[in-house]
Structures are given as structure tokens and as C-alpha cells.
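Novice: Here's a structure for you.
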Amino acid sequence: MARYRTLKHGDPIPPGEPWRVTTIDGYVLLRWKVGPGEYVECREHRLVAGLPVGKVVHHRNGDPADNRPENLEVLDSSEHSSRHAAVQPRTLNGFGFGTFRGTAQAP
Ligand SMILES: [Zn+2]
């Protein structure tokens, strides 16, 4: 049976190119095979942001697959909630719901 482990702050990044998967909520998941039936996984935006402990990695432009460092922001969960509250009026102002799809539940 396959075993999956999430990469944590301070873990060495496994060697080799990871497999890139887009999750159903639009995030990019990296998956390394580290042994027979053994995998290490990490969401790309968290890795780019340095795997911050107890913090939320926010996508400034609302696109969960846009993991350029300049699009990412490391926030406390309360700061993060207020950031999302702040973008709500823009979605109602013709920005289109598609642009912000999935961000309401962004971890
Ligand atoms: Zn966010």
C-alpha cells in the first residue's frame, strides 16, 4: 500500500523532478517518489514560500496555480481571512467569480 508523507519545514527536499498534479481546488501539488510505494508530497505554493509553520500562504491574485514568489504572501490565519474579506467586493464588481474560484477555502 502506498504511503504518502507531507513535506515539513526543515525536511530535505527529495532529489529528482517531482510529478506536478493540479488538485481539484486548483492548487499545484508536487509529488516525489522516494521509495517503492513511498511518496512525499507538498503543495507548490507552500514550498515556494519556505514551508512556513502555522502560517497561511495566500495567492495575491486569487489564482491558486500562480506560484510565482511575487504572487505569494505569508499571513496569520486571521490576517488571511481579512484579506479574503477585502477581495469580496471586487468579485461582485464584475471581476468574475472565475478569477477567485476556490480562494474562499484557501488554506
Ligand atoms: Zn488566500
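The values are calculated or read from the model by the stated rules, or taken from the named source; none is laboratory data. Since we're looking at a predicted model, the values are computed, not measured. Cβ: placed from backbone, ideal geometry, glycine included. Neighbour counts: every protein chain shown.
Novice: If I ask for residues that are more than 17 Å from Ile24 (Cα to Cα) and touching a strand residue (DSSP E or B) at 6+ places or on another chain (Cβ under 7 Å), which ones from region 59-75 would you list?
Specialist: Once the filter is applied, which keeps residues that are more than 17 Å from Ile24 (Cα to Cα) and touching a strand residue (DSSP E or B) at 6+ places or on another chain (Cβ under 7 Å), region 59-75 yields Arg60, Asn71, Leu72, Glu73, Val74, Leu75.
Novice: Which residue is farthest from Asp66 (Cα to Cα), if the candidates are limited to region 1-52 and must be of a type in the set (S, T, N, Q) and in a strand (DSSP E or B)?
Specialist: Thr6
Novice: Under 6 Å between Cβ atoms, at least 6 apart or on separate chains: pull out the pairs that start in region 22-40 with a residue that is among the aromatic types (Phe, Trp, Tyr) and end on any residue that is exposed (fewer than 14 other Cβ atoms within 10 Å of the Cβ).
Specialist: That search, which allows pairs on different chains as well, returns Tyr39/Tyr4.
Rundown of residues vs (1) at negative phi; (2) within 11 Å of the ligand (Cβ to nearest atom); (3) part of a loop (DSSP other than H, G, I, E, B); (4) modelled with pLDDT under 95, yes/no style:
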position: His58; (1), (2), (3), (4): yes, yes, no, no
position: Gly62; (1), (2), (3), (4): no, yes, yes, yes
position: Asn67; (1), (2), (3), (4): yes, no, yes, no
position: Glu70; (1), (2), (3), (4): yes, no, no, no
position: Ser82; (1), (2), (3), (4): yes, yes, no, yes
position: Ala86; (1), (2), (3), (4): yes, yes, no, yes
position: Thr91; (1), (2), (3), (4): yes, no, no, yes
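Novice: So which residues in region 36-56 are more than 15 Å from the ligand (Cβ to nearest atom), of a type outside the set (D, E, K, R) and surrounded by 14 or more Cβ atoms within 10 Å (Cβ to Cβ), if there are any at all?
Specialist: Tyr39, Val40, Cys42, Leu47, Leu51 - these are the residues of region 36-56 that are more than 15 Å from the ligand (Cβ to nearest atom), of a type outside the set (D, E, K, R) and surrounded by 14 or more Cβ atoms within 10 Å (Cβ to Cβ).
Novice: Going through region 13-27 one residue at a time, which ones are of a type in the set (A, V, I, L, M, F, W, C) and surrounded by 12 or more Cβ atoms within 10 Å (Cβ to Cβ)? Walk me through it before giving the result.
Specialist: Restricting attention to region 13-27, the residues satisfying the condition of being of a type in the set (A, V, I, L, M, F, W, C) are 13, 19, 21, 24.
Listed by number, the residues that qualify are Ile13, Trp19, Val21.
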